[in-house]
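J.: Before we start, here is the structure in question, set down as structure tokens.
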Amino acid sequence: MKILFVGFKGKNNTSAQLATQLGGHTLLLTNSCLRLEKDILSVTESYDSIIMFGVDNSLNATLRIEKCAELYGIAVSSDYDVAQLSKIMDGYGIANSISNVPTQYLCNAAYYHMLCINKNVVFIHIPSIKGMNDTFMGRLQKLFRKLSQDA
């Protein structure tokens, strides 16, 4: 199975740091609603699953797994088994929650566009540098590398 890890561009963006440190297939999106759709549509390879990361400045050593996105008044939901992912995260000592309420702006738009091309996508909000520490980042890397190996 092939997994694509997606983050947003930026040297100090923890989503970019995590996605690029996992190895394998990586896509970094432009921090613009207009450009990110083009970035997503440029994905020509087929992936069994896509794991997207975005930053939420309010998070502190915890994650939020997004189940759905909404754009143009149209809601789309992921087929990714987020409940199972949450249980796996618990086993790695990673605090997390699942949200069924679409977020706003850039992350939501990226998730929406990606779900339109592949339903086996999950979007995970992670802390910014302020809410991230080396231990927590290490747990995230270990978890997602393991998921990639098991795929």
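The values are calculated or read from the model by the stated rules, or taken from the named source; none is laboratory data. Quick caveat: nothing in here was measured; it's all calculated off a predicted structure. Neighbour counts are summed over all protein chains in view; Cβ atoms, including those assigned to glycine, are modelled from backbone coordinates with ideal geometry. Just the protein is used for accessible areas: all its heavy atoms, side chains included, with ligands, DNA and RNA removed. Shrake-Rupley method; radii C 1.70, N 1.55, O 1.52, S 1.80 Å.
J.: Calculate, for the chain, the solvent-accessible area per residue in square angstrom, rolling a 1.4 angstrom probe over the heavy atoms of the protein chains. Walk me through the numbers on the way to the answer.
T.: Working: 7340 Å² over 151 residues.
I get 49 Å² per residue for the chain.
J.: Same structure again: Applying 1/(1 + (r/R0)^6) with R0 = 22 Å to the Cβ-Cβ distance of Ile74 and Ser128, what FRET efficiency is obtained, to the nearest 0.05?
T.: It comes out at approximately 0.15.
J.: Here's another thing I want to ask about it. When the chain is modelled as a GNM with alpha-carbon springs shorter than 10 Å, which of Ala95, Ala16, Ala75 fluctuates the most?
T.: Judging by the Gaussian network model, the answer is Ala75.
J.: Here's something else I'd like to know. Round to a whole angstrom and tell me the spacing of the C-alpha centers of the range 76-151 and the range 44-64.
T.: Result: 4 Å between the Cα centres.
J.: Still on this structure: Residues with amide H under 5 Å of Ile98's amide H, sequence separation 5 or more or different chain, H placed in the peptide plane at 1.01 Å from N; which?
T.: Those qualifying (amide H under 5 Å, at least 5 residues apart or on another chain) are Ile65.
J.: Here's another thing I want to ask about it. If the chain between Ala61 and Gln84 were fully stretched, how many nm would it gain, using 0.36 nm times the residue separation less the Cα-Cα distance?
T.: Values: separation 23, 0.36 × 23 = 8.28 nm, distance 1.99 nm.
The span from Ala61 to Gln84 would gain 6.3 nm if fully extended.
J.: Which value, in debye to the nearest 20, describes the size of the charge dipole of the chain about its Cα centre when Lys and Arg Cβ atoms bear +1, Asp and Glu Cβ atoms bear -1, and nothing else is charged?
T.: 360 debye
J.: Okay, next question. How long are the semi-axes of the ellipsoid equivalent to the chain, from square roots of 5 times the Cα gyration tensor eigenvalues, in whole Å, largest first? Provide the component values of the computation, followed by the final result.
T.: Details: eigenvalues 87, 55, 52 Å².
Ellipsoid semi-axes (Å, largest first): 21, 17, 16.
J.: Would you please give the FRET efficiency between Asn31 and Lys146, computed as 1/(1 + (r/R0)^6) with r the Cβ-Cβ distance and R0 = 41 Å, to the nearest 0.05?
T.: About 0.90, to the nearest 0.05.
J.: Counting only helical runs of four or more DSSP H residues, what would the 222 nm mean residue ellipticity of the chain come to if each run contributes -39,500 (n - 2.57) and the total is spread over all its residues?
T.: That calculation yields -11000 deg cm²/dmol at 222 nm.
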